[in-house]
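Have a look at the structure below, then the notes.
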Amino acid sequence: TTDLGAGSFDVRKGFVDALLAQLHDRNMLVFDLALPVGSRARNSSGNHAVSYMGIIRIGDKHRRIDMKAYPVELHAFALLYFTGGTHFNRGMRLVARRRGLSLSDLGLRSCVKDGNGEKVKGANIAPCWTEHDVFALLDLEYRPPTQRQNAADVRSLC
């Protein structure tokens, strides 16, 4: 993203919009569930993932499709999030929570509470350029994507 103030151009949104236009032109996208405009999940630094959800037709089959484009500084978190199985991801988030942190595809943040005791997201605690960095910050042994799928993989974290 180049932040030039109002009207600045977001490269991620431009890429997603161009890809969606091509898929629509080929009549592959048959229904839009959520368009990129207004669907930006922001992290504490203001950077965001550009998201799209829809129904795609490939041959005679229809499938749900989700697309997300992330800024480079969130790549490790997004990659970890999307290459782990559900139980493994929950296990990773539990390990983070036990350390007073919150892990998501948008970063690893400190968990802080406001004056009313409500949980609010703190700033990302450190830059992570690789998945190895995320595991190291949580003091965990790195697990490749092939070891992030089942309950045994989760138990090996704790």
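Please treat every number below as a calculation from the coordinates, not as lab data. This is a predicted model, so every value here is computed, not measured. Counting neighbours? That spans all protein chains shown, and the Cβs are built from the backbone with ideal geometry, glycine included.
Mean sequence separation of contacting Cα pairs (under 8 Å, at least six apart), scaled by the length of the range 21-147, corresponds to a relative contact order of 19 percent. Simple spin-label estimate for residue 17 and residue 75 gives 2.4 nm between the two label positions (7 Å along the Cα-to-Cβ direction from each Cα).
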